[in-house]
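Novice: I'd like to ask some things about the structure below.
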Amino acid sequence: MNLGTAIKCCPLCGGRIVVSNLYQYSLDYKMRKDGKIGKRHKNVDSGSMDVSLAACENYKTCDARWEAEDFFVEPDGTFIDYKYSEGV
Ligand SMILES: [Zn+2]
């Protein structure tokens, strides 16, 4: 079992890691009184998708990427890596 390793920088290049929490929202178009869908819309925030991704800040030159199951962020902000630290 891979318990993961707390890391403080990108394991590939030493850059900073950026975690992205994904949110979803929709553009809602309401039908007008004449029965047509109007052009005006409303942004509706549908809240968190509970999906997080992470990547190295040097994304143009560095391939370090984490999918949701590849990392974990502790409540105190510690970044736990399950992907690159395996077997280390
Ligand atoms: Zn990197």
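The numbers here are math on the coordinates, done by the rules we state, and not lab data. Keep in mind that what you see is a predicted model, and the values were worked out from it rather than measured.
Novice: Given axes a ≥ b ≥ c from the Cα gyration tensor, I'd like to know whether the stretch 10-50 is rounded (a/c under 1.5), prolate (a/b larger than b/c) or oblate.
Specialist: Numbers: a/c = 7.33, a/b = 4.11, b/c = 1.79.
Taking the square roots of the gyration eigenvalues as a ≥ b ≥ c, the stretch 10-50 is prolate.
Novice: How high is the relative contact order of the chain? Use alpha-carbon pairs under 8 Å, at least six apart in sequence, and give a whole percent.
Specialist: Numbers: 148 pairs, mean separation 31.2, N = 88.
Answer for the chain is 35 percent.
Novice: Divide the volume of the convex hull of the Cα atoms of the chain by its number of residues and quote the answer in cubic angstrom per residue. Kindly include the intermediate steps, with their values, before the conclusion.
Specialist: Values: hull volume 12.2 nm³, N = 88.
Spread over its residues, the Cα hull of the chain gives 139 Å³ apiece.
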